[in-house]
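What follows is a single structure, written as structure tokens, with notes after it.
The values are calculated or read from the model by the stated rules, or taken from the named source; none is laboratory data. Nothing here was measured: the structure is a model prediction, and the numbers come from that model. Reconstructed Cβ throughout: ideal geometry from the backbone, glycine too, with neighbour counts over all protein chains shown. Keep in mind that these areas ignore ligands, DNA and RNA; they rest on the heavy atoms of the full protein, side chains included. Shrake-Rupley method; radii C 1.70, N 1.55, O 1.52, S 1.80 Å.
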Amino acid sequence: MDQEKKKEFTARLEKLENQLSELRIQLEDTSILYQNELEKRQFYQLIADFTFAWELWFEPDGNIKYCSPSCYDLTGYTSNEIIHASGIDALLVYEADKENFNAFLKNSLNQSQINQTLEFRILTRTKQLRWCMINVRGVYDKLGKYLGIRASVQDISRLKRAMGHISDLEKGKEFEQRNKQRLQNQLELKDRELVSFLLQLSQKNELIQKAAILIQELKTTESRKGNVVLNQLSTAFDQHNSVLVDWNMIESQVEKIHPGFLARLQKKHPSITEKDKKLCSYIRLGLSSKAIAGLMNITAKSVEIARVRLRKKLNLDSGTRLTSYLLQF
């Protein structure tokens, strides 16, 4: 009988020892989990407490659950003073901004706030007026339960002062922009005037060429006396055609309207000739092949051939328009 009790006691003791061993393991695991949670809590607490911005956590009823110590740098009040105050509006918010602030906070807590940012003013403990900006967002647990709102308040007083300075600068920029626009308009006017002048000159040359052809035809049919007059007219036309365009004047005007155009073109394509530069300038001004033909005393077909040759000199592929390429210079 004693032997049986002894076995029973031994079995019971082994069972208790096993349970004790399991409890020790559970206690050790729990201790490790607790330590990890404590470290995480301390980690996030440090992040929250040492933020540059003033961080707040409002519960759904509007009470402050958390206030970061950084509030002291901005307001002069400690976090405990703010938490136990009757309200931030009563303690800090500038009188003229209280209504907007309270409406913003109420709508944020009700989750009906569309714009989650508000600028407002506060009076610090020393009665200094500061501009602040508050940003809010909802706080939820893992199950989606609404826990209130997280708010971050930043001092934007310097930004506001800078914006005033920027506003003055913008006025200066606006004046400068108007001057640039005025100069641009003047250049565009000169561009139109030059193109108009060249078109008229082209039309005039074209008319003279046609008249010269008609005179040659008349000389074969008119009387001897009439031929003398026709010869005089023909000589006059030939003298006119010998000086088609004052290129130096045209080049000077192109430089005024498009500064550096010909220099940049010559630098990238050293092989182009004076004739090529004339053609490039006319194309850059937007003149048609017919108008260019009148200015260069050649046919429109010859202008097209000259354009093809120019494309080869500039190494342009078939997908690149000559006019678009010249507009880049």
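Taking only protein heavy atoms and a 1.4 Å probe, the accessible area of segment 67-149 is 49% carbon and sulfur.
Would you mind counting up the charge near Asp155? Only other residues with Cβ under 12 Å from its Cβ, with Lys and Arg at +1 and Asp and Glu at -1. Here the charged neighbours net out to +3. Label zone (Ser289, point 7 Å along Cα-to-C-beta; backbone nitrogen cut-off 18 Å) within segment 298-318: 298-314, 316-318. Percent of C-alpha pairs per 10 Å bin in segment 50-170, short distances first: 13, 44, 31, 10, 2, 0.
Could you check how many percent of all C-alpha pairs in segment 59-110 are farther apart than 13 Å?
Result for the distance tail: 61 percent.
Using θ = phi - 60° in the Karplus curve 6.51 cos²θ - 1.76 cosθ + 1.60, the 3J(HN,Hα) couplings for segment 129-141 round to 8, 10, 8, 10, 10, 10, 10, 10, 7, x, 10, 9, 7 Hz; x is entered for Gly and Pro.
Note that segment 80-96 has calculated 3J(HN,Hα) couplings of 5, 5, 6, 4, 8, 6, 5, x, 5, 4, 5, 7, 10, 5, 4, 3, 5 Hz, one per residue in order, obtained from phi through the Karplus relation 6.51 cos²θ - 1.76 cosθ + 1.60 (θ = phi - 60°); glycine and proline are x. All Cα-Cα distances of segment 258-329, cut into 5 Å bins from zero to the largest, leave 3, 16, 30, 27, 17, 6, 0 percent in each bin in turn. For the pair Asn135 and Lys312, label points projected 7 Å from Cα toward Cβ lie 6.3 nm apart. Close amide-amide hydrogen proximity is noted between Leu314 and no other residue 5 or more places distant or on a separate chain, at a cut-off under 5 Å (H modeled in the peptide plane; Pro and chain starts excluded).
Computed FRET efficiency, Cβ-Cβ of Arg321 and Gln177, R0 35 Å: what is it to the nearest 0.05? Don't skip to the answer; put the middle values down first.
Numbers: r = 31 Å, r/R0 = 0.89.
With R0 = 35 Å, the Cβ-Cβ based efficiency is 0.65.
Surface exposure of segment 46-146, expressed per residue as accessible area with a 1.4 Å probe, stands at 62 Å². Qualifying GluC sites (Glu not before Pro) in segment 90-145, where qualification requires a DSSP coil assignment and no more than 13 other C-beta atoms within 10 Å, are lacking entirely. For segment 71-137, the normalised intensity computed at q = 0.12, 0.21 Å⁻¹ comes to -0.30, -0.91 (log10 of I(q)/I(0), Debye sum over alpha carbons, equal scatterers, no solvent). Each residue of segment 6-19 was assigned a 3J(HN,Hα) from its phi angle through the Karplus expression (A = 6.51, B = -1.76, C = 1.60, θ = phi - 60°), giving 5, 5, 4, 5, 5, 5, 5, 5, 4, 5, 5, 5, 5, 5 Hz with x at Gly and Pro. With K and R counted +1 and D and E -1, the other residues having a Cβ less than 13 Å from that of Lys127 yield a net charge of +2.
On full extension, the segment bounded by Ser302 and His84 gains 69.2 nm, given 0.36 nm per residue less the C-alpha separation. First measure r as the distance between the Cβ atoms of Asn63 and Asn115, then evaluate 1/(1 + (r/R0)^6) with R0 = 41 Å and state the FRET efficiency to the nearest 0.05. Calculated transfer efficiency: 0.95.
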